[in-house]
Number of protein chains: 2
Amino acid sequence: MSKKHVQKPAPKPQASVAITEAEWDIMELLWEKSPRTSQEIVSLLEEGRGWKRATVVTLLARLTAKGALNTEPQGNRFLYTPAVERSACVAEETRSFLDRIFGGALQPLVAHVAEHHSLTKKDIAELKALLEQIKPNS
Amino acid sequence: MSKKHVQKPAPKPQASVAITEAEWDIMELLWEKSPRTSQEIVSLLEEGRGWKRATVVTLLARLTAKGALNTEPQGNRFLYTPAVERSACVAEETRSFLDRIFGGALQPLVAHVAEHHSLTKKDIAELKALLEQIKPNS
DNA sequence: CGAAACTGACTACATTTGTAAACATGAGCA
DNA sequence: TGCTCATGTTTACAAATGTAGTCAGTTTCG
């Protein structure tokens, strides 16, 4: 491994990277367990998604390039680890989704879901319980 | 207006069309009030978004083409009206968002928001009130 | 009536995204 | 040592998306 395997350092250390839909699948696997080799990820997604190895590898490269993954050389391959926290990405997505569709507020979303996606009695109970535990933040 | 202004009929009557982020801005304006002329929409978005007329018109055309808008000729121009309901689009977006990020469930989202975007006491109260009114759907 | 203003249609183009083939190189096995 | 396999890199390409210029009819105002 002389001049190969010399991917440019992630542009931005960690911050908030935008994860696309397809990339999300890969991140989930790594958030769930890491590090992993590309091989592992490839086989998981060949089955689960029907993706070709090349596809998965491309996505791994893109994620690495944009600083969403860290790689550690191991022999002639890499071990991949998330470089961003799941919760940060989730926060990002949530924020942008709420802003775009519900003016940034949570209530309208809950109201919408309640109306259109039907919540079970159990769901409602759980949500209430959830709200009980929350400590107001301001 | 002889052979001009003959846009092909919307492929799918109404169903669920995918509205892109930019298009969303236009739809919002029309959901809020319709019909409107392109002129109206253009000026609103020139200010609000800094978009050029051509941009807005392109988006109107795309939306019409994909069946998200209905047009009614009026002189040499059109009156634009939504052909899809806002709530249907919101439902679509919400569904896909929840699926992608939260496994389709609402609770994890609420939990996440509670933790990361801080809810005020008022927010929590409102949410509780909201839950009170909801009639379980199964 | 003629020119200006307006309107939708057509064309354009860079970027992003999904999807993948081809390639080169290093590693392990025969 | 030579060959095959695994692995990352390069290149490709279509569709979607954001953003907009230009053009050709229409309408309207002087």
Send over a whole-number figure in Å² for the accessible area per residue of chain B, probe 1.4 Å. 58
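I'd like the carbon and sulfur percentage of the solvent accessible area for chain B, probe radius 1.4 Å, heavy atoms only, ligands and nucleic acids excluded. Please report the intermediate quantities before stating the final value.
On the way: 4020 of 7950 Å².
For chain B, the apolar C and S fraction of the accessible surface comes to 51 percent.
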In nm, what does the list of distances from B:W24 to its counterparts in the other copies look like, shortest first, when each label sits 7 Å along Cα to Cβ? 1.3
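Let's test the formula: R0 of 45 Å, r as the Cβ-Cβ distance of B:E32 and A:T55. What FRET efficiency results, to the nearest 0.05?
Values: r = 41 Å, r/R0 = 0.92.
Step by step, r from the Cβ atoms, then E = 0.60.
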Log entry, pair A-B: total buried accessible area, probe 1.4 Å, protein chains only, in Å² rounded to 100, is 4100
Closest approach to the B-A rotation axis by any Cβ of B: residue and distance in angstrom? B:F97, 2
Looking at chain B as a GNM with Cα springs under 10 Å, which of B:V42, B:V113, B:V56 has the largest mean-square fluctuation? B:V113
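Please give the per residue volume of the convex hull enclosing the alpha carbon atoms of chain B, rounded to a whole number of Å³. Don't jump to the answer; show the numbers that get you there.
Details: hull volume 22.0 nm³, N = 138.
Convex hull of Cα atoms, per residue: 160 Å³.
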Inter-copy label distances at A:A54, 7 Å along the Cα→beta-carbon direction, one decimal in nm, shortest first? 3.6
Step through the table entries A:K33/B:K121; A:K122/B:K122; A:K121/B:K128; A:K52/B:K66; A:K33/B:K128, compare each Cα-Cα distance with 26 Å, and write down the pairs that go over it. A:K33/B:K121; A:K52/B:K66; A:K33/B:K128
Give the nm distances, rounded to one decimal, from A:P108 to the matching residue in every other copy, measuring between label points 7 Å along Cα toward the beta carbon; shortest first. 2.5
Considering chain B as a Gaussian network with a 10 Å cut-off on Cα pairs, which listed residue, B:D25, B:D123, B:D99, attains the greatest mean-square fluctuation? B:D123
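The values are calculated or read from the model by the stated rules, or taken from the named source; none is laboratory data. Remember, it's a predicted structure, so these values are computed and weren't measured experimentally. Methodologically, a virtual Cβ is constructed for each residue, glycine included, from the backbone with ideal geometry; neighbour enumeration extends over all protein chains shown. Accessible surface areas use protein heavy atoms only, side chains included; no ligands, DNA or RNA. Shrake-Rupley method; radii C 1.70, N 1.55, O 1.52, S 1.80 Å.
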